[in-house]
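This report concerns only the one structure given below.
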Amino acid sequence: MKRIAATCLTASVLAAPALAQDLSEEAAYAADEFRQCATCHVIANEDETLYGRRARTGPNLYCVIGRQAGSVEDFRYSNSLEEAGEAGLVWDEEHMTSYLQDPRAFLRDYLDDSGARSKMTYKVRKDGDRSPEDVAAAFATFLAEVCPEEADADS
């Protein structure tokens with residue numbers, strides 16, 4: 001059993017740099033910091049988990065950039081996030097950066113509704129010399145770059 005655990009640990013340590021290899025410096029930073037997000041989220045395509053675990057508290061973030069907010073099938077979003085999606089909110093790097101800094105404030109501003117709420121309580125914080133806005137922007141860049149469809153659209 002110890003041998004299997006050691007093999008799995010070694011494989012995951014060796015695979016992480018390979019996955020981050022094609023990412024920009026900012027996205028690679030965010031990929032490394034994704035462990036904070038992995039408590040609730042995963043980034044998984046149909047075949048494999050790219051980042052995180054099989055967490056189900058938050059929706060799968062694979063190809064979230066370019067997707068209508070609140071639209072992952074069978075995920076229970078807050079009413080406010082679903083309303084924002086129905087009102088036209090499509091995740092792009094700018095919106096994601098604002099949302100990650102304060103989800104509730106973002107939805108209240110977007111919907112012009114002081115009662116709007118998000119189920120996501122996490123707010124991106126300052127990290128060393130990086131401001132919360134810089135950290136959130138790095139996460140948004142990472143989420144865009146990890147999706148091959150987005151990478152193809154940008155080139």
Item to check | The listed residue being acidic (Asp, Glu) and touching a residue at least 40 places away in the same chain (Cβ under 8 Å), out of Asp127, Asp109, Asp134, Asp102 | outcome: Asp127
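Residues are listed down the side, and each one gets a yes or a no for (1) part of a helix (DSSP H, G or I); (2) polar (S, T, N, Q); (3) under 16 Å from Leu61 (Cα atoms); (4) modelled with pLDDT of 95 or more:
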position	(1), (2), (3), (4)
Ser98	yes, yes, no, no
Phe106	yes, no, no, yes
Tyr110	yes, no, no, yes
Tyr122	no, no, yes, no
Item to check | Residues of segment 73-112 classified as among the polar types (S, T, N, Q) and either surrounded by fewer than 17 Cβ atoms within 10 Å (Cβ to Cβ) or closer than 25 Å to Glu33 by Cα (or both), total | outcome: 4
Checklist entry - Does segment 65-72 contain at least one residue that is buried (at least 16 other Cβ atoms within 10 Å of the Cβ), touching a residue at least 12 places away in the same chain (Cβ under 8 Å) and within 11 Å of the chain's Cα centre (by Cα)? => result yes
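I'd like the residue in segment 15-51 that is within 17 Å of Arg130 (Cα to Cα) and of a type in the set (Phe, Trp, Tyr) and, out of all such residues, is modelled with the highest pLDDT.
Step one: of segment 15-51, the residues within 17 Å of Arg130 (Cα to Cα) are 24-34, 36.
If we keep only those that are of a type in the set (Phe, Trp, Tyr) as well, we get 29, 34.
On the way: Tyr29: 91, Phe34: 88.
Among those residues, the one meeting the criterion is Tyr29.
The values are calculated or read from the model by the stated rules, or taken from the named source; none is laboratory data. Since the structure is predicted, the reported quantities are computational estimates derived from the model, not experimental observations. Cβ: placed from backbone, ideal geometry, glycine included. Neighbour counts: every protein chain shown.
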